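Asks: Shown below is the structure under consideration.
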Amino acid sequence: EKEQGQGIYRLPQDKVATDSLKRLELEYDLRKALEREEFELYYQPQYDIQNNRLIGMEALIRWQHPKQGMVSPGEFIPLAEETGLIVPIGDWVLRTACSQNKKWQDEGLPALTVSVNLSLRQFQKHNLIGDIVKTLKETGLHPRYLELEITESMAMDNIEQVIRKLNELKDLGVRISMDDFGTGYSSLQYLKKIPIHKLKIDQSFIRDITKDPDNAAIVSTILAMANHLRLEVVAEGVETTEDLQFLLNKECRHAQGYFFSRPLPKEQFKQLIH
Ligand code: C2E
Ligand code: CA
Ligand code: CA
Ligand code: CA
């Protein structure tokens with residue numbers, strides 16, 4: 001309808017064709033991206049807000065596409081999941097994050113925990129534990145400085161198997177956090193059973209926390225519940241002083257968000273922690 005004025009008609013089918021062509025191209029490029037070294041990790045700091053202390057950083061992947069510029073992970077991670085490319089990409093992320101963290105420690109910077117996002121396929125890999133052991137060994141990073149982020153949906157099916165896997169990871173000494181908490185369907189029963197250290201409150205609940213009473217109630221409830229279950233909590237997506245003040249008042253311990261810093265390339269992150 002919009003294009004009628006210009007005398008151009010586009011059948012919906014054309015759009016479908018263009019979209020799938022674009023996708024095909026992106027998939028082709030994604031296959032090359034690893035060997036062409038187009039990926040980079042950015043690091044976003046996480047703070048202990050009660051003690052005003054930097055505690056760690058989340059590693060977030062960036063793809064510098066030769067023609068399209070920066071492609072956001074929201075765009076290519078789902079494609080990588082579907083095609084299975086997430087497995088080698090995920091290996092690269094894990095290795096790079098661990099070796100970077102170890103490097104900073106060797107340079108005498110304060111010891112921090114690096115959080116790495118695991119994808120469903122990675123989590124389901126039967127040799128996940130072996131891969132992680134190998135990566136820690138090869139990079140020399142002590143397991144306590146690695147945190148793995150999983151999501152509720154990843155941990156939903158085959159609960160017994162998930163619990164077994166998480167316990168193995170826990171036994172290794174790595175930390176586990178539940179990302180985007182509140183957006184899935186975890187029951188309290190489930191949360192009680194599942195061996196994790198930390199909940200990351202999804203940023204959709206932090207947004208407008210001082211203006212939206214529903215969000216305020218949800219966050220307060222999550223904090224109270226986590227406290228009872230002795231789980232640590234990180235509030236994600238903290239953007240304003242008001243957000244921070246609310247969380248401080250509710251005795252939330254950890255936070256991450258643009259208010260403190262955007263995700264930064266490694267050189268800039270080093271400047272920050274220096
Ligand atoms: P996520 O794990 O929930 O990561 C948090 C996202 O929120 C990041 O987006 C981060 O840049 C953004 N963010 C942080 N603070 C704020 C804030 O104050 N306000 C707002 N509006 N946004 C904030 P990013 O880097 O674009 O990543 C998007 C998603 O892509 C991630 O969501 C994660 O699910 C996925 N992802 C990123 N890197 C990786 C990776 O290495 N492996 C896997 N499997 N997934 C990844
Ligand atoms: Ca995450
Ligand atoms: Ca998240
Ligand atoms: Ca997410």
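So that you can scan it fast, the table gives a plain yes or no per residue for (1) surrounded by 16 or more Cβ atoms within 10 Å (Cβ to Cβ); (2) of a type in the set (Val, Ile, Thr):
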residue	(1), (2)
37	no, no
51	no, no
55	yes, yes
59	yes, no
63	yes, no
74	no, no
81	yes, no
84	no, no
89	yes, yes
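Asks: Cβ-Cβ under 8 Å, sequence separation 6+ or interchain: first residue in the range 186-208 and within 14 Å of residue 220 (Cα to Cα), partner in a helix (DSSP H, G or I) and within 14 Å of ligand 3 (Cβ to nearest atom). Which pairs?
Replies: What qualifies is 199/222; 201/222; 205/222.
Asks: For the range 168-185, which residues satisfy the criterion of being away from ligand 2 (no atom under 14 Å from the Cβ) and in contact (Cβ under 8 Å) with a residue 24 or more places away in the chain?
Replies: Narrowing the range 168-185 to residues away from ligand 2 (no atom under 14 Å from the Cβ): 168-174, 185.
Residues satisfying the conditions are 168, 169, 170, 172, 173, 174, 185.
Asks: Would the range 157-175 turn up any residue that is polar (S, T, N, Q), within 13 Å of ligand 3 (Cβ to nearest atom) and farther than 15 Å from residue 132 by Cβ? Step through it out loud before you land on a result.
Replies: Let us first name the residues in the range 157-175 that are polar (S, T, N, Q), namely 158, 161, 167.
If we keep only those that are within 13 Å of ligand 3 (Cβ to nearest atom) as well, we get none.
No; the residues of the range 157-175 include none that is polar (S, T, N, Q), within 13 Å of ligand 3 (Cβ to nearest atom) and farther than 15 Å from residue 132 by Cβ.
Asks: Determine whether residue 267 is more than 16 Å from ligand 4 (Cβ to nearest atom) and of a type in the set (Asp, Glu). Write out each step before concluding.
Replies: Details: more than 16 Å from ligand 4 (Cβ to nearest atom): yes; of a type in the set (Asp, Glu): yes.
Criteria met by residue 267.
Residue-by-condition table, conditions (1) assigned to a helix (DSSP H, G or I); (2) touching a residue at least 40 places away in the same chain (Cβ under 8 Å):
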position: 40; (1), (2): no, yes
position: 54; (1), (2): no, yes
position: 57; (1), (2): no, yes
position: 78; (1), (2): yes, no
position: 81; (1), (2): yes, yes
position: 96; (1), (2): yes, yes
position: 103; (1), (2): yes, no
position: 111; (1), (2): no, no
position: 122; (1), (2): yes, no
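Asks: Something else now. Quick one: which of 86, 129 is aliphatic (A, V, I, L, M) and closer than 30 Å to residue 188 by Cβ?
Replies: Of 86, 129, the one residue that is aliphatic (A, V, I, L, M) and closer than 30 Å to residue 188 by Cβ is 129.
Asks: With the condition kept exactly as written, say whether any residue in the range 244-251 is of a type in the set (Asp, Glu) and either within 16 Å of ligand 3 (Cβ to nearest atom) or farther than 24 Å from residue 149 by Cα (or both).
Replies: Filtering the range 244-251 for residues of a type in the set (Asp, Glu) gives 251.
Next, from what is left, pick out any that are either within 16 Å of ligand 3 (Cβ to nearest atom) or farther than 24 Å from residue 149 by Cα (or both): none.
Scanning the range 244-251 turns up no residue that is of a type in the set (Asp, Glu) and either within 16 Å of ligand 3 (Cβ to nearest atom) or farther than 24 Å from residue 149 by Cα (or both).
Asks: Can you tell me how many residues in the range 249-274 are in contact (Cβ under 8 Å) with a residue 12 or more places away in the chain, over 21 Å from the mean Cα position of the chain (by Cα) and either surrounded by fewer than 13 Cβ atoms within 10 Å (Cβ to Cβ) or within 11 Å of residue 201 (Cα to Cα) (or both)? Give the steps one after another, and end with the answer.
Replies: Step one: of the range 249-274, the residues in contact (Cβ under 8 Å) with a residue 12 or more places away in the chain are 250-266, 269-270, 272-274.
Now narrow it down to the ones that are over 21 Å from the mean Cα position of the chain (by Cα): 250-251, 274.
Keeping just the survivors that are either surrounded by fewer than 13 Cβ atoms within 10 Å (Cβ to Cβ) or within 11 Å of residue 201 (Cα to Cα) (or both) gives 251, 274.
The qualifying residues number 2.
Asks: Moving to a separate point now. Could you figure out which of (1) on the phi > 0 side of the Ramachandran plot; (2) over 14 Å from the mean Cα position of the chain (by Cα) isn't true of residue 137?
Replies: Just one mismatch for residue 137, condition (1).
Asks: State yes or no: is residue 61 within 16 Å of ligand 4 (Cβ to nearest atom), closer than 24 Å to residue 133 by Cβ and over 12 Å from the mean Cα position of the chain (by Cα)?
Replies: On the way: within 16 Å of ligand 4 (Cβ to nearest atom): yes; closer than 24 Å to residue 133 by Cβ: yes; over 12 Å from the mean Cα position of the chain (by Cα): no.
Here the answer is no, as residue 61 does not meet what is asked.
Asks: Would you be able to tell me the number of residues in the range 173-191 that are β-branched (Val, Ile, Thr) and under 28 Å from residue 136 (Cβ atoms)? Let's see the steps before the verdict.
Replies: Of the range 173-191, the ones β-branched (Val, Ile, Thr) are 174, 176, 183.
Okay, now just the ones that are also under 28 Å from residue 136 (Cβ atoms), so 174, 176.
Final tally of qualifying residues: 2.
Asks: So, one more: Among the residues in the range 231-245, are any among the β-branched types (Val, Ile, Thr), surrounded by fewer than 19 Cβ atoms within 10 Å (Cβ to Cβ) and in contact with a helix residue (DSSP H, G or I) (Cβ under 6 Å, 6 or more places away or on another chain)?
Replies: First, the residues of the range 231-245 that are among the β-branched types (Val, Ile, Thr): 233-234, 238, 240-241.
With surrounded by fewer than 19 Cβ atoms within 10 Å (Cβ to Cβ) added as a condition, the list becomes 240-241.
Next cut, in contact with a helix residue (DSSP H, G or I) (Cβ under 6 Å, 6 or more places away or on another chain) only: none.
No, the conditions are met nowhere in the range 231-245.
Read-outs: derived from the displayed coordinates by stated rules, not from any lab. Here the structure is a predicted model, which is why all the values come from computation and not from measurement. Positions of Cβ are generated from backbone atoms using ideal geometry, with glycine treated the same way; all protein chains shown enter the neighbour counts.
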